[in-house]
Amino acid sequence: MAYKFPETEKELNEEAQGLKALISQSAIKGCVACLDGFLLQIKVPAKDKAGNVKAYFSGQYQTYRINVQAACDHKYKFVYAALAAPGGANYIAAFRKTQFSKMVENLPLRKFVIGDNAYVCSATLLTPISGLEKDEPAKDAFNF
């Protein structure tokens, strides 16, 4: 199965309109996909296949895992998925290793992907504001 992330202006506008229609009061205009990661449990990898076996150990789950990065569109269909990094890598590090990070980085003005706090906010990857900043009224409104 091939994944198809929107590339043309027409495809990007269709995705943005589709996601806008799902969100109450059309609060998010320009979103073309939603990004998240998943730590897929695996058997202990063989040293001759994986190299650094310890890199696959997830301290969070205390098992061996592989970091999967995926994005979906407004129809809940995957538009991108990749076995991105060993399970010891955080989501942003894994995301940065994918071709998808370059695709997101090169989105045109006013088009973006949304993700959670595991990612770093940029002009083309929007994430909630966290920490002390989230208590500022304007930033709290953004998160809402």
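The values are calculated or read from the model by the stated rules, or taken from the named source; none is laboratory data. The structure presented is a predicted model; accordingly, all values stated were derived computationally and were not measured. We place every Cβ from the backbone using ideal geometry, glycine too, and count neighbours over all the protein chains shown.
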_Of the residues 76, 3, 80, only one is modelled with pLDDT of 95 or more, under 18 Å from the mean Cα position of the chain (by Cα) and more than 24 Å from residue 129 (Cα to Cα); which?_
80
*Just a yes or no: is a residue in region 85-96 outside any helix (DSSP H, G or I) and among the aliphatic types (A, V, I, L, M)?*
yes
*asked:* Please verify whether residue 118 is in a helix (DSSP H, G or I), touching a strand residue (DSSP E or B) at 6+ places or on another chain (Cβ under 9 Å), among the aliphatic types (A, V, I, L, M) and surrounded by fewer than 18 Cβ atoms within 10 Å (Cβ to Cβ), treating the condition exactly as stated.
replied: no
*Which residues, taken from region 51-81, are within 18 Å of residue 93 (Cα to Cα) and among the hydrophobic types (A, V, I, L, M, F, W, C)?*
53, 55, 57, 66, 68, 70, 71, 81
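State whether the residues of region 40-62 include one that is within 26 Å of residue 123 (Cα to Cα) and under 18 Å from the mean Cα position of the chain (by Cα).
Let us first name the residues in region 40-62 that are within 26 Å of residue 123 (Cα to Cα), namely none.
No, the conditions are met nowhere in region 40-62.
Tell me, yes or no, whether region 7-14 has at least one residue that is over 17 Å from residue 110 (Cα atoms), out of contact with any Pro (no Cβ under 9 Å at 6 or more places or on another chain) and surrounded by fewer than 18 Cβ atoms within 10 Å (Cβ to Cβ).
So the first thing to find is which residues in region 7-14 are over 17 Å from residue 110 (Cα atoms), and the list is none.
No: zero hits.
Taking the stated definitions as given, is residue 82 surrounded by fewer than 21 Cβ atoms within 10 Å (Cβ to Cβ), without any contact (Cβ under 8 Å) to a residue 40 or more places away in the chain, in a strand (DSSP E or B) and not polar (S, T, N, Q)?
On the way: surrounded by fewer than 21 Cβ atoms within 10 Å (Cβ to Cβ): yes; without any contact (Cβ under 8 Å) to a residue 40 or more places away in the chain: yes; in a strand (DSSP E or B): yes; not polar (S, T, N, Q): yes.
Taking the combined requirement at face value, the residue satisfies it.
State which residue is modelled with the lowest pLDDT when the search covers only region 6-46 and only residues that are in a loop (DSSP other than H, G, I, E, B) and among the aliphatic types (A, V, I, L, M).
At the first step, the residues of region 6-46 found to be in a loop (DSSP other than H, G, I, E, B) are 6-8, 23, 27-30, 42-46.
Now restrict to residues that are among the aliphatic types (A, V, I, L, M): 23, 27-28, 42, 44, 46.
Details: 23: 70, 27: 61, 28: 74, 42: 95, 44: 93, 46: 90.
Among them, the one singled out is 27.
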*Just checking, which of 137, 108 is modelled with pLDDT under 95 and either more than 17 Å from residue 3 (Cα to Cα) or surrounded by 12 or more Cβ atoms within 10 Å (Cβ to Cβ) (or both)?*
137
